[in-house]
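Worksheet for the structure shown next.
Nothing in this text is a laboratory measurement; each read-out follows from the coordinates by a stated rule. The structure displayed is predicted, hence computed values, not measured ones. For neighbour counting, all protein chains shown are included, and Cβ atoms are generated from backbone atoms with ideal geometry for every residue, glycine included.
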Amino acid sequence: YEEYLNDQFVSRDIWIRIKTGIDMLMQKNLIGGVYLAEDDYLIEQHTEEDFKEELVVKRVGQLQKLVEKFPATEVMLVPTADNILSEKLPPFAPYYDDKQLIDRVAEAIGEGHMINVYDALKEHADEEIYYRTDHHWTSLGAMYAYRAWAQGRVDIPFWYRKDNMIT
């Protein structure tokens, strides 16, 4: 009931726009957990508190069990936009280091089970691989992730492999 009322007050959208406008006039670069970044990007903030150690240990353990039970399992951890587009963040903006988590998972389950998309996305950070106003990757970002997955595979058509891609 309380949550419903908090979300349903009169002219809510107008009040939110006014508050955001005032925050921007005050030159705030973090509003509601979202960075106002370069090139009109709105990038969600991720911090250490979002990745509590006990939860990370639990989830990594679950992945280890999954890989043990199903040896053909491959894991792709997609890095957040604040990691890949860190150059666009405001100066000194803190963010959680996804790379350390990805490396930790790779060590726990074995490199052979990991699909490294971090490096592929970081290499193309100057392109529009994440939407400007959303945390999802674009089709272009997904294509680079697909190429990272397809690299070195012999069970897919040759024209899909990175070394034969037409760009």
Legend entry - Loop-resident sites, the stretch 26-116, for GluC sites (Glu not before Pro), counting at most 12 other Cβ within 10 Å (DSSP): GLU74
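For the stretch 68-159, rounded, prolate or oblate, judged on the Cα gyration tensor with a ≥ b ≥ c (square roots of eigenvalues), a/c < 1.5 rounded, else prolate if a/b > b/c?
It is oblate, given that a/c is not under 1.5 and a/b is not larger than b/c.
What shape does the chain have by the C-alpha gyration tensor, where a ≥ b ≥ c are the square roots of the eigenvalues, rounded means a/c under 1.5, and otherwise prolate means a/b greater than b/c and oblate the rest?
Prolate shape, in that a/c is at least 1.5 and a/b is the bigger ratio.
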Inset, instruction - Only loop residues by DSSP count here, and only those with at most 16 other Cβ atoms within 10 Å; note down the trypsin sites (Lys or Arg not before Pro) in the stretch 12-55 that meet that. - result: LYS28, LYS52
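Test of understanding: given the chain, find the longest segment containing no chymotrypsin sites (Phe, Trp or Tyr not before Pro) that are in a DSSP loop and have at most 14 other Cβ atoms within 10 Å.
10-91
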Inset, instruction - Given a cut-off of 21 Å, name the pairs among LYS88/LYS122; LYS28/LYS99; LYS28/LYS88; LYS58/LYS99 whose C-alpha atoms lie farther apart than that in the structure shown. - result: LYS28/LYS99
